[in-house]
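What follows draws every value from the coordinates through simple rules; no lab data is involved. Keep in mind the model is a prediction, meaning the values are calculated, not measured. Heads up, the Cβs are rebuilt from the backbone with ideal geometry, glycines too, and the neighbour counts pull from every protein chain shown.
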Amino acid sequence: MSMDISPLLKMLVFPGGLTLIALGLLYEYIDRKLVARFQNRVGPRVLQPLADTIKLLAKEEVIPAGVIPLFFVSLPIIAMAGALTAGLYIPLAGFAPSFSLPGDLIITVFLLGLLTICIGLAGANTADRFSLLGATRTLTQLFSYEAPFLLALLCPAILADSWQISIVDTSVTGHVWLALPLFIGFFVAVIGLMGKLELAPFDAPEAESEIVAGALTEYSGRGLALFRLGKDVELVIGITLVSAFYLGGLSNPLEFLLKTLGLLVVVAALQALFARLRIDQVVGLWWRIGALLALLQLLIVVILKGVIL
Amino acid sequence: MSDVPAGLPKAWTKMLEGLKNWSRIYSPWAIHFNSGSCNGCDIEILATLTPRYDVERFGIKLQGSPRHADVLICTGPVTLQARDRLKRVYDQMPDPKFVIAVGSCATSGGVFQGCYNVVGGIDQVIPVNAFIPGCPPRPEAIIDGVVKLLGSLQQKKVAEKTG
Ligand code: SF4
């Protein structure tokens, strides 16, 4: 065969596509199980997320009245594609990213944001008032955590003198974990990650006791399955990014598993610990405290770098 | 040529059907609708969802939106007011969907049978797959009802295989 199929394999099997989805389902299970154990429950079975997904895929998809059908059908696909594409730029399972270019950190964060934007648009597309409220909240929250999260990820990038994920990853490997000297940045990054994933304290956009199911209220079947899968993939990518940057890099699969799972335990514990914040509290928290902390950390990094180097 | 699923080998179709059935049994998402109950049954349903009984281990998850749910858990007799709403919630659920009637009232109208504002049991308005009697039924009974409903799905699968 003269044709090189390795890019195709990279996109469909590893690290994109199947591996990412499988890891996403696994991490969703671990997350749910941990939260359940923290709440003194037994928790779901191992194949639960897989069963949920298959069931949703096999269900009827209702296209409600009042939507633009093209958007209704295509938004979940765009969201899923964005999340999967982001997986190509991260050191998944400790291997070098399959595609790497200067500035791919920004691309990855943007592709992760794309998922949230798609969810927001999907909610705004339907005529249902709960979806609209959820969409407003989703997008409001997006504007509050995105900047601090990016700033927090920039600190290690500035230290490494590169906005390329693989270079940052290799430059932090072997040194003391950046989470120790840059603990403020680490803190903001972890909390930002939870905001990005709409996990417990920041789940006002999908608060089922207030606004049914938020932006995705009208979605059933395939669309919902794709959005859920996209969220799972985002969980894996976000955790990989933060642990690559702040927990001393990911250089082999074992390290990847230990560090990301360790971070997942922290995230799950925080989820179980805190009650849901109101949307105005979320925005206030991020802009009054989160952004300031991230800026402070950035300032410290820049000054220290100027003094020491 | 145009009909791809029909062109699939029979074993494949069977396997896919089995997979679908497995996932349905494994992950019944529920929505709770009160069509006029005295609230006794609702409290028991909430008790079922608490960590003590932890239905997440069966994959049961309470959903807010009818669009996400597979199982409609109804309590109470259907009042004239609630009849149209119950029907609408049922119609909003995507196929395949199941209905469980919880409590004596949902089964037959119970103590409210014959009231001027009551239509009767849930089955007067929408098709019901499982009845759970009791006034109110204990959480164990509710879980048992759900498990029996899922078990009937399993049997259908077996019947399909032998048939
Ligand atoms: S069955 Fe009993 S507890 Fe349930 S709604 Fe009827 S009267 Fe209330």
Original post:
Relative to the longest principal Cα axis of chain A, at what angle does helix A:183-196 sit, 0 to 90 degrees, rounded to 10?
Top reply: 20 degrees
Original post:
If amide H atoms are built 1.01 Å from N in the plane of the peptide, which residues on other chains or at least 5 residues away come under 5 Å of the amide H of A:D203?
Top reply: A:L277
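Place a +1 charge on the Cβ of each Lys and Arg in the protein assembly as shown and a -1 charge on the Cβ of each Asp and Glu, then give the dipole magnitude about the Cα centre in debye, rounded to the nearest 20. Mind showing how you got there, number by number?
Details: 37 positive and 35 negative charges, 152 e Å.
With Lys and Arg at +1 and Asp and Glu at -1, about 740 debye.
When Lys and Arg each count +1 and Asp and Glu each count -1, what net charge do the other residues less than 9 Å away from A:K55, Cβ to Cβ, add up to?
Numbers: positive: A:K59, B:K20, B:R24; negative: A:D52, B:D70.
Around A:K55, the surrounding residues sum to +1.
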Original post:
How large is the convex hull of the Cα atoms of the range B:42-147 per residue, expressed in Å³ as a whole number?
Top reply: 92 Å³
**OP:** For chain A, just the Cα set please: Rg and Dmax, both in angstrom.
**Re:** 19.2, 62
Original post:
So how tilted is helix A:104-125 from the main axis of chain A? Cα-based, degrees 0 to 90, rounded to 10.
Top reply: 20 degrees
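Can you pull the mean other chain C-beta count within 10 Å for peptide A:47-57? Please report the intermediate quantities before stating the final value.
Values: counts 5, 7, 2, 4, 9, 6, 2, 8, 14, 6, 2.
The per-residue average across the peptide is 6.
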Subject >> Residues B:E140, A:E61 arranged by fewest to most Cβ contacts within 10 Å >> reply: B:E140, A:E61
Subject >> Whichever aspartates and glutamates have a C-alpha closer than 15 Å to that of B:K10, once near sequence neighbours (fewer than 8 apart) are set aside >> reply: B:E160
Subject >> chain A: angle of helix A:48-58 to the longest principal axis, Cα-based, in degrees nearest 10 >> reply: 50 degrees
Original post:
Excluding B:P136 itself, what net charge comes from residues whose Cβ is under 10 Å from its Cβ, given Lys and Arg +1 and Asp and Glu -1?
Top reply: -1
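When a footprinting reagent is the concern and you count Cβ atoms within 10 Å, what order do B:H68, B:H32 take, fewest first?
Details: B:H68 25, B:H32 21.
Arranged by neighbour count, lowest to highest, B:H68, B:H32 become B:H32, B:H68.
Using only DSSP helix segments of four residues or longer, with each worth -39500 (n - 2.57), what per-residue ellipticity at 222 nm results for chain A after dividing by its residue count and rounding to 500? Don't skip to the answer; put the middle values down first.
Values: 13 runs with 208 residues, N = 309.
Counting only the DSSP helices, I get -22500 deg cm²/dmol.
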Subject >> Distance in nm between pseudo-label sites at B:L19 and A:A147 (7 Å out along the Cβ direction from Cα) >> reply: 4.6 nm
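Give A:K59/B:K20; B:K61/B:K97; A:K33/B:K97; A:K55/B:K97; A:K59/A:K231; A:K196/A:K305 a once-over and call out the pairs whose C-alpha atoms are over 18 Å from each other. Kindly include the intermediate steps, with their values, before the conclusion.
Details: A:K59/B:K20 9 Å; B:K61/B:K97 15 Å; A:K33/B:K97 27 Å; A:K55/B:K97 12 Å; A:K59/A:K231 20 Å; A:K196/A:K305 29 Å.
In this structure, A:K33/B:K97; A:K59/A:K231; A:K196/A:K305 lie more than 18 Å apart at Cα.
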**OP:** Springs between alpha-carbon atoms under 10 Å, Gaussian network over chain B: tell me which of B:V55, B:V111, B:V119 tops the mean-square fluctuations.
**Re:** B:V111
Subject >> Inter-chain shielding of B:51-58 (mean C-beta neighbours from other protein chains, 10 Å cut-off) >> reply: 5
